[in-house]
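S.K.: Next up is a structure, given as structure tokens.
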Amino acid sequence: MSLCHTDCIQKPLSRAFSWLGKLVGRYPWWFLLIPFALSAGLGAGFYFLPQREANDIEEQFTPIGGPAKSEREFVRTHFPTNDSEQFSPQRLYTEGLFVSLIAVSTFDNVINVKTFEELMKLDEMVQNFAMMDFATDETLTFQHLCAEILGKTCMTANPLLSAVPGNVSLIETIPISYPMFQDEIFLGTYLGGVTLNSDNVVQKAKAIKLIYYLKEDSESDRERSLQWINHFMKLFSNHTLQQAEIKVSYFTATSRQQEFESTTETVIPLFSITYFVTITFAVVSCIRFDCVRSKVWVAGFGVISSGLAVLSSFGLMLICGMPFVVTVANAPFLILGVGVDDMFIMISSWQQTKVKKNIEERMAETYAEAAVSITITTLTDVLAFYIGILTSFQSVQSFCIYTGTAILFCFLYNVTCFGAFLALNGRREESNRHWFICKKVAKEKDDSRSPAYNMCCVGGGYSHTSGKETEHPMTNFFRKHYGPFLTNIWTKVFVLFLYGGYLASSIYGCFQVQEGIDLRNLATDGSYIRSFYDDDDLYFSEYGPRVMIVVTEEVPYWNSDVQSKIDRCLESFISNSYVSGKSHSESWISVYIDIAKRMNLNINDKNNFISHLSTLFNIVPHFRQDVDIQSGALTASRFFIQTVNVTSAVDERDMLNQVRDTAKSCEIPVLVYHPAFIYFDQYAVIIENTIQNVAVAAAAMFVISLLLIPNPLCALWVTFTIASIIVGVTGFMAYWDVNLDSISMINLVICIGFSVDFSAHIAYAYVSNQKANVNDKVIDALHSLGYPIVQGAVSTILGVVALSAAQSYIFRTFFKIIFLVIAFGLIHGLVFLPVFLTLFGNCMRHDDATKIKAQTNKQRLDDVQRQTKFHGCENKLTSIARPYVDPDCP
């Protein structure tokens, strides 16, 4: 590490920005107006917003190319649904079109006459819901659109309702065996909260589920069924769901999607609140008691500049045809914080320039110092987001593309549009004009005037010692109090212990984080589907999905060896802890063999085996849908197993992994499938994608830091800080009830970029400082950037704090993780990293240190001489009555 300065890019970049700053200072109006014109043109892209909206839950929140999607395509090809066959929900390759009701007893038991009378009325009300089909001028009820059994009668909403036709008093007399009712009907899906006697007969049940399936085989049937469902939802929501005996919650095939699409509407009012709060904070933090040096308009315009960046970037993406997902609605809140953060850095650098220099020189110095710093953070942020495009979730891809582009525009507008406004404001200050009325004011206080007049109408003061603007009290606090306190040896020891506690609790939390998105969280808090999900979890979680076991290739089923392999395969599934017993599984070939034995049918060769299948189908009609016969060959077939105790995201993940592993171990080629597996697939890629994004982005951050921070050891410390913050955010997600899913993955991508910001600013200022003592270098870095970093952190949090009041999990999660990222980033930037740099961050060679020390001593001597000369000039000015100018005085 002896050759530690890698400034081959940093120095030319600084010179280039210095030239740009001088150009902006010379022609501010051009750099101000061109971005406005560009924003107006690109903003026209919002015309395409309705066409670009892409809020399909499956498309956006399930992995691209997930195995369940190819499995579904195989099932759809070989086992298509057909209205002419007996309808069977377990044989659908999708969730189907349905309306589902859960009736919960108010007296802890639905198995009684009074409850069933209310259930019958409820069932009649649903079946009598009618809608007008304007295409045919028909009035359609459920009876016209229901999924039918052999094309004749509607499938019953609940087997127990059909068991007591016209006489509900029978419900208290018939024995209800559970979970297999009458040895052939599985009740686990329809009856919940069950208490059984020793004979597995239901004594009482707390809830009952009614499911009404509709046709969807043809496009016209599907369209009419969807219209009926939407009509049902409008009317049913107006009915009182609390009756004497039951409380009813409801859900439909379109509920999840519709509720998800409505979440964006809940956050729109928060935009105005956020911009008002952020502008207020920016203005207040930039107010000075000097009526000339106050930068109220500059602060306000900094927020406007961020808004222009959102307008331009989003418009450009919409013109380019990028899909707009609801998660992208988070981005404006984020961009606002980023833009204001860079604005504070620019203002801070401007205030470090000498006020007597002309505007072009001050702009050149401002850009040479600030633009490099914000370039580092911009590059890391943009790169982190663009790396996020590698993920397998389209919702994450869309968010990263939109946000990364917006941050890029934010940077461009900060160094052009905002810089131009800063230069114009500098011209106002140069002519000593009031910040509000732009009228020239006096520079010296008039003792004959009131204090209020002197405060409001006198300004333009600056430090005659340094030639710079008078420092903000918070800036002095970091130099005089906080910096010396932090570099105290006992404070450093305490910080090391504090960091150890932080790291330990973060690592522990990482092992507690839950995976997977709970689909109820895609709806707003007050959504009706949440009560349905709650009832479903509470009363119907004992039995999980009924999983298909699909033989994917043509095998000789008539061969006894193959039959044994199938039996062993099914037995391996049934022996799994997540699978119920053999009595709950379903095997067409086992039934076929039993029927053949009873009827003395020869099925030991291909022709007989296939020709006698018609006998099986006549006896058990629904088995016809489990065998795919093409050109006289059995190309595929399927069996069913019943899963149990799949009550959490961990159970869903483990069950999916175990049944897929079991399928691979079978001696015949099989796959496992259920429509829910489309969503369960996220567990297979979520951790892998997250680790991939974090690793690639962290490596990229190190390279950028190495190129732009002229000290490889400090660049390494910045990378270490990134890793530390990511571990902290991930760990504390568990403490704040945030799951690792496609939504939080977006925020972890943000974490990668944002975790660089504060540490990169401090590291760059530390390395750029020419003092020999590491404590002095850290104090100076905190002095110049401590307050802007605090301003940036607070502004970013204020930019998203309104989301904490959102009625949607998506937006609240966004706030939680951004809060963690900014909080931990601030602590690392202002506490941990400065201490680490003083202990382990000095890589200068001895001769370099000696040279810098000599330069530092010379600089101190020059400062003392200059200050002595200044005091001498002051004495001259006070000793004469007329204006006096000494050419040797500053």
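The values are calculated or read from the model by the stated rules, or taken from the named source; none is laboratory data. Remember, it's a predicted structure, so these values are computed and weren't measured experimentally. Virtual Cβ from ideal backbone geometry, glycine too; neighbours counted across all protein chains shown. Each accessible area value is taken on the protein alone, full model and side chains, heavy atoms only, with ligands, DNA and RNA left out. Shrake-Rupley method; radii C 1.70, N 1.55, O 1.52, S 1.80 Å.
S.K.: Normalising by the residue count of the chain, find the relative contact order in percent from Cα pairs under 8 Å and 6+ residues apart.
M.R.: 20 percent
S.K.: So for Glu148, Glu542, what's the accessible-area order with a 1.4 Å probe, most first? Can you show the working numbers first?
M.R.: Numbers: Glu148 40, Glu542 95 Å².
These residues rank, largest area first, as Glu542, Glu148.
S.K.: Right, something else. Would you mind calculating the relative contact order of segment 351-497 from Cα pairs under 8 angstrom and at least 6 residues apart, reporting the percent as a whole number?
M.R.: 23 percent
S.K.: Sorted by accessible area with a 1.4 angstrom probe, largest first, how do Arg15, Arg530 fall?
M.R.: Sorted descending by solvent-accessible area, the residues read Arg15, Arg530.
S.K.: Work out how much length Ser564 to Asp183 would gain on full extension: take 0.36 nm times their residue separation and subtract the Cα-Cα distance, in nm to one decimal.
M.R.: 134.6 nm
S.K.: Using per-residue counts of other Cβ atoms within 10 Å, averaged over each peptide, order 381-394, 446-459 from highest down.
M.R.: 381-394, 446-459
S.K.: Just subtract the alpha-carbon distance of Met599 and Trp736 from 0.36 nm times their residue separation and send over the number in nm, one decimal.
M.R.: 43.0 nm
S.K.: Follow-up question, since we're still on this one. Between Phe36 and Arg530, with labels modelled 7 Å along Cα→Cβ, what's the label distance in nm to one decimal, could you check?
M.R.: So the label points at Phe36 and Arg530 sit 4.4 nm apart.
S.K.: Shifting gears a bit: When only alpha-carbon atoms are used, what values of Rg and Dmax, in angstrom, describe segment 704-818?
M.R.: When restricted to the Cα atoms of segment 704-818, Rg and Dmax are 16.5, 54 Å.
S.K.: So, one more: Counting only C-alpha contacts under 8 Å and six or more residues apart, can you give the relative contact order of segment 104-183 as a whole percent?
M.R.: Over segment 104-183, the number comes to 27 percent.
S.K.: Sorted from largest down, give the three principal axis spans of the alpha carbons of segment 109-193, whole angstrom values.
M.R.: 47, 28, 23
S.K.: In whole Hz, what ³J(HN,Hα) sequence does segment 373-379 give by Karplus (6.51, -1.76, 1.60; θ = phi - 60°), x for Gly and Pro?
M.R.: Once rounded to whole Hz, the list reads 4, 6, 5, 4, 5, 5, 4.
S.K.: Here is a further query. By per-residue mean of other Cβ atoms within 10 Å, what is the highest-first order of 595-607, 223-235, 725-737?
M.R.: The peptides rank, most packed first, as 725-737, 223-235, 595-607.
S.K.: Given points 7 Å out from each Cα along the Cα-Cβ axis, report the Lys152 to Arg15 separation in nanometres with one decimal.
M.R.: A separation of 9.2 nm, rounded to one decimal place.
S.K.: Restricting the calculation to Cα positions, tell me the Rg (one decimal) and the Dmax (whole number) of the chain in Å.
M.R.: Computed over the Cα atoms of the chain, radius of gyration and Dmax are 35.6, 132 Å.
S.K.: Give the Cα extents of segment 453-567 along the principal axes, in whole Å, largest first.
M.R.: Cα spread of segment 453-567 along its principal axes, largest to smallest: 101, 43, 33 Å.
S.K.: Still on this structure, please answer the following. Highest mean first, what order results for 65-77, 293-305, 679-691 on Cβ atoms within 10 Å?
M.R.: So the order, starting with the most tightly packed, is 293-305, 679-691, 65-77.
S.K.: For segment 425-510, what is the accessible area per residue in Å², given a 1.4 Å probe and the full set of protein chains? Kindly include the intermediate steps, with their values, before the conclusion.
M.R.: On the way: 5430 Å² over 86 residues.
Per residue, segment 425-510 has 63 Å² of solvent-accessible surface.
S.K.: Could you work out what % of the accessible surface of the chain is carbon and sulfur, using a 1.4 angstrom probe and leaving DNA, RNA and ligands out of the count?
M.R.: 59 percent
S.K.: Further, regarding this structure: Would you mind getting the accessible area per residue of segment 700-835, heavy atoms of the protein chains only, 1.4 Å probe, in Å²?
M.R.: In whole numbers, segment 700-835 has 22 Å² accessible per residue.
S.K.: Over 26 Å between Cα atoms, which of Lys121/Lys215; Lys69/Lys215; Lys445/Lys771; Lys440/Lys480; Lys215/Lys247 qualify? Kindly include the intermediate steps, with their values, before the conclusion.
M.R.: Values: Lys121/Lys215 23 Å; Lys69/Lys215 22 Å; Lys445/Lys771 38 Å; Lys440/Lys480 34 Å; Lys215/Lys247 28 Å.
Too far apart for the 26 Å limit: Lys445/Lys771; Lys440/Lys480; Lys215/Lys247.
S.K.: List the residues, sorted by chain then number, that are 5 or more residues from Met180 or on another chain and whose placed amide H is less than 5 Å from its amide H.
M.R.: Result for Met180 returns Leu187.
S.K.: Further question on the same structure: Report, by chain and number, residues whose modeled amide H sits under 5 Å from the one on Val579, excluding near sequence neighbours (fewer than 5 apart, same chain).
M.R.: Result for Val579 returns Val644.
S.K.: Could you tell me the accessible area of His761 in Å² (1.4 Å probe, neighbours in place), rounded to the nearest ten?
M.R.: 0 Å²
S.K.: Would you kindly calculate the translational diffusion coefficient of segment 358-463, applying Stokes-Einstein with the Kirkwood radius from alpha carbon pairs, for 37 °C and a viscosity of 0.692 mPa s, and quote it in µm² s⁻¹ without decimals?
M.R.: The diffusion coefficient I find is 191 µm²/s.
S.K.: Now for a separate question. Applying the Karplus parametrisation 6.51 cos²θ - 1.76 cosθ + 1.60 with θ = phi - 60° to the phi angles of segment 780-792, what ³J(HN,Hα) value in whole Hz is obtained for each residue in order, glycine and proline being reported as x?
M.R.: Each residue's phi maps through the Karplus curve to give 5, 5, 5, 4, 7, 10, x, 5, x, 5, 4, 4, x Hz.
S.K.: Return the sequence-ordered ³J(HN,Hα) values of segment 599-606 in whole Hz as given by the Karplus equation 6.51 cos²θ - 1.76 cosθ + 1.60 applied to θ = phi - 60°, using x for Gly and Pro.
M.R.: 9, 6, 9, 8, 10, 8, 9, 4
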